[in-house]
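Notes follow once the structure below has been shown.
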Amino acid sequence: AAGALVDCNLNGIADACDIASGVSQDLDASGVPDECEIIGFVRGDANADAQFNIADAITVLQFLFDSVPSSCHSALDVNDDELVDIADGVFTLSALFSMGAPPPAPTLCGSDPTAGALTCESFAPCP
């Protein structure tokens, strides 16, 4: 309907009011609360093919040593230490082949529960 108020976070308050009152942040000044713009991802699915396998360890290593770009650094941070480093490749291999711990959340499409500077600009398997 014309003039309908948008409430993307479904809290019963119009987004513009959330932003104006400080309930929601809008760091990019888009008029949309930041929590509604978060790109979902799956931790450990480094190559974004909706699978967790050896190709993900290879993708982490290619990112680190061959400068292969990634649009979702959060997915590359397999051990969730807020760094993308060799430990992420080792963590992946350990989870796959040595009964190591699986990657932390999100293990289904979701947002990063850990605060940090790593970003996810896009992740094809997640809507």
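The values are calculated or read from the model by the stated rules, or taken from the named source; none is laboratory data. Note that the structure is predicted; figures quoted are calculated from it, not measured. Using ideal geometry, Cβ is built from the backbone for each residue, glycine included, and neighbour counts are taken over all protein chains shown. With ligands, DNA and RNA removed, areas are computed over all heavy atoms of the protein, side chains included. Shrake-Rupley method; radii C 1.70, N 1.55, O 1.52, S 1.80 Å.
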Consider residue 27 carefully, then state whether it is among the aliphatic types (A, V, I, L, M) and either more than 14 Å from residue 118 (Cα to Cα) or in contact with a helix residue (DSSP H, G or I) (Cβ under 8 Å, 6 or more places away or on another chain) (or both).
-> yes
Scan of the range 96-105 for residues that are of a type outside the set (Ser, Thr, Tyr) and under 19 Å from residue 55 (Cα atoms), ordered by number | 96, 97, 99, 100, 101, 102, 103, 104
So how many residues does the range 35-59 have that are at pLDDT below 95 and within 16 Å of residue 74 (Cβ to Cβ)?
-> 5
The range 73-127, subset without any contact (Cβ under 8 Å) to a residue 60 or more places away in the chain and among the aromatic types (Phe, Trp, Tyr), residue surrounded by the fewest Cβ atoms within 10 Å (Cβ to Cβ) | 97
Based on what the data block shows, is residue 38 closer than 17 Å to residue 122 by Cα, open to solvent by 40 Å² or more (accessible area, probe 1.4 Å), aliphatic (A, V, I, L, M) and in a loop (DSSP other than H, G, I, E, B)?
-> yes
Could you look through the range 1-34, keep only residues that are in contact (Cβ under 8 Å) with a residue 24 or more places away in the chain and crowded, with 16+ Cβ neighbours inside 10 Å, and pick out the one that is farthest from residue 72 (Cα to Cα)?
-> 9
Return the only residue of 112, 88, 81 being closer than 19 Å to residue 53 by Cβ, out of contact with any His (no Cβ under 6 Å at 6 or more places or on another chain) and of a type in the set (Asp, Glu).
-> 88
If we ask which residues in the range 51-86 are among the hydrophobic types (A, V, I, L, M, F, W, C), in a loop (DSSP other than H, G, I, E, B) and under 15 Å from residue 105 (Cα atoms), their number turns out to be 2
Candidates 26, 112, 45 - the one that is in contact with a strand residue (DSSP E or B) (Cβ under 9 Å, 6 or more places away or on another chain), under 30 Å from residue 5 (Cβ atoms) and among the charged types (D, E, K, R) = 112
